[in-house]
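Trainee: What follows is a structure written as structure tokens; I'll ask about it next.
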């Protein structure tokens with residue numbers, strides 16, 4: 001990454017943003033004010049210039065030193081807020097959580113009118129760190145940058161990383177060769193509020209704080225609900241129904257992308273239905289519903305195929321605190337739509353990945369079935385299958401089935417899918433075939449972020465401090481190549 005030094009006496013645009021005290025204005029029942037750690041070193045390893053225009057900044061006016069000053073040295077006068085929350089972790093309720101190695105740095109209004117959060121990871125100890133050091137390994141930061149950008153390219157509703165600064169400390173971890181290098185990351189997300197934020201308030205029987213937080217969430221993140229002239233209970237019910245829809249669609253987006261989050265505890269579920277916090281995640285190498293990303297998920301609770309069900313369960317657990325403000329009939333009616341939302345979104349996304357805008361319901365369902373059967377039987381790379389479909393697709397496939405993945409082996413396993421795909425192309429016009437090619441480009445990135453790809457860019461960093469392969473991979477991911 002080329003250096004971009006700060007001219008003398010240049011004001012810092014990142015510090016001069018119009019930060020809003022939206023969450024802070026709710027009062028300190030929801031957070032603790034904390035200070036950032038002081039680090040011995042500050043090396044900017046990643047700056048996400050693609051995000052700066054969203055908050056009204058021209059990347060050319062923001063230097064590397066500006067990033068280090070704001071997001072490495074944490075200069076400025078705003079209070080940093082460590083949020084309080086609880087959560088169900090692997091099915092067990094944990095009342096000893098909260099922001100243990102990060103805080104809400106600030107909230108800014110985007111050029112689209114939406115409120116966005118800058119949240120840190122690895123910025124030091126807080127009251128919720130317990131025995132941990134409040135730090136983030138450099139490899140953990142690298143992995144999260146890659147995950148967020150890859151998911152964004154897959155059109156998943158995700159948080160993204162704004163910056164990654166190496167901080168010069170040595171950390172000891174049981175799951176990495178130690179000592180290992182340290183970093184601090186700033187995450188750009190729609191909200192810092194989690195399911196667990198509400199669960200904590202329910203634990204302390206604070207109905208008043210639940211309703212206060214609900215009003216805030218609806219006002220800031222659910223404008224269609226906030227604009228309705230309705231009684232509070234009705235607005236709360238509409239909010240929950242919309243949250244169910246968003247989370248169902250998110251689960252479908254993960255499934256279509258072949259992504260396994262790894263740790264879907266309720267403290268890792270955003271109240272806006274956005275994907276965030278990428279620790280032991282993995283993109284599935286080949287189609288396998290039991291594929292598990294986290295080495296410590298011994299029983300596969302959060303495996304790839306379980307993700308929709310776990311998201312539904314987490315929404316059901318959230319009904320505990322929300323029942324303080326929403327009637328049981330409204331909660332059940334909304335949650336009852338989860339499977340419908342998830343299945344419809346997944347089916348549409350998979351058809352898009354296969355190049356189709358739409359197919360008749362029965363034909364679309366069968367297209368999806370034979371595709372998953374092919375992926376299961378052949379164990380062809382999941383991401384590679386769609387990437388090759390994008391690269392090899394030709395309008396001539398409509399006229400000759402033998403041209404469809406003509407070199408794929410074993411031919412016998414490919415035959416049913418090839419014939420069905422050929423059948424589905426019949427009746428499409430030349431213009432529709434061209435649209436198909438464009439759809440394949442949009443929904444199928446060429447670069448597939450499986451574990452070997454990540455290790456291939458981490459090794460040069462670890463061995464010789466060579467970051468170029470990392471930047472090259474990110475460039476390919478962002479371009480979709």
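The values are calculated or read from the model by the stated rules, or taken from the named source; none is laboratory data. Given the structure is predicted, the values throughout are model-derived calculations rather than measurements. Neighbour counts run over all protein chains shown; Cβ positions are idealised from the backbone, glycine included.
Trainee: Being within 28 Å of residue 365 (Cα to Cα) and either free of Cβ contacts under 8 Å to residues at least 12 places away in the same chain or not assigned by TED's automatic domain parsing to the domain that holds residue 204 (or both) is the filter here; which residues of the range 307-331 pass it?
Mentor: Selection gives 309, 313.
Trainee: Follow-up question, since we're still on this one. Does the range 161-169 contain at least one residue that is touching a residue at least 60 places away in the same chain (Cβ under 8 Å) and not in a strand (DSSP E or B)?
Mentor: Looking through the range 161-169, none of the residues is touching a residue at least 60 places away in the same chain (Cβ under 8 Å) and not in a strand (DSSP E or B).
Trainee: While we're looking at this one, here's another question. With 151, 138, 171, 162 as the choices, which residue is modelled with pLDDT of 95 or more, out of contact with any helix residue (DSSP H, G or I) (no Cβ under 8 Å at 6 or more places or on another chain) and under 30 Å from residue 448 (Cβ atoms)?
Mentor: None of the others qualify; the one that does is 171.
Trainee: With 221, 236, 203, 240 as the choices, which residue is surrounded by 21 or more Cβ atoms within 10 Å (Cβ to Cβ) and over 22 Å from residue 329 (Cα atoms)?
Mentor: When all the criteria are applied, what remains is 221.
Trainee: Right, next: Within the range 267-278, is even one residue in a helix (DSSP H, G or I) and either within 16 Å of residue 331 (Cβ to Cβ) or in contact (Cβ under 8 Å) with a residue 12 or more places away in the chain (or both)?
Mentor: Within the range 267-278, one or more residues are in a helix (DSSP H, G or I) and either within 16 Å of residue 331 (Cβ to Cβ) or in contact (Cβ under 8 Å) with a residue 12 or more places away in the chain (or both).
Trainee: Regarding the range 296-311, can at least one residue be identified that is in contact with a strand residue (DSSP E or B) (Cβ under 9 Å, 6 or more places away or on another chain), in a loop (DSSP other than H, G, I, E, B), buried (at least 21 other Cβ atoms within 10 Å of the Cβ) and at pLDDT 95 or above?
Mentor: Yes, that holds for at least one residue.
Trainee: Just one of 58, 112 is over 30 Å from residue 466 (Cα atoms), touching a helix residue (DSSP H, G or I) at 6+ places or on another chain (Cβ under 8 Å) and exposed (fewer than 15 other Cβ atoms within 10 Å of the Cβ); which is it?
Mentor: The conditions single out 112.
Trainee: If you don't mind, there's one more thing I want to ask. Taking residue 381 and the conditions (1) in contact (Cβ under 8 Å) with a residue 60 or more places away in the chain; (2) under 21 Å from residue 285 (Cβ atoms); (3) crowded, with 20+ Cβ neighbours inside 10 Å, which numbered condition does it fall short on, given that it satisfies the others?
Mentor: Residue 381 satisfies every listed condition except (3).
Trainee: Also: For residues that are assigned to a helix (DSSP H, G or I) and touching a residue at least 60 places away in the same chain (Cβ under 8 Å), tally how many sit in the range 433-449.
Mentor: 7
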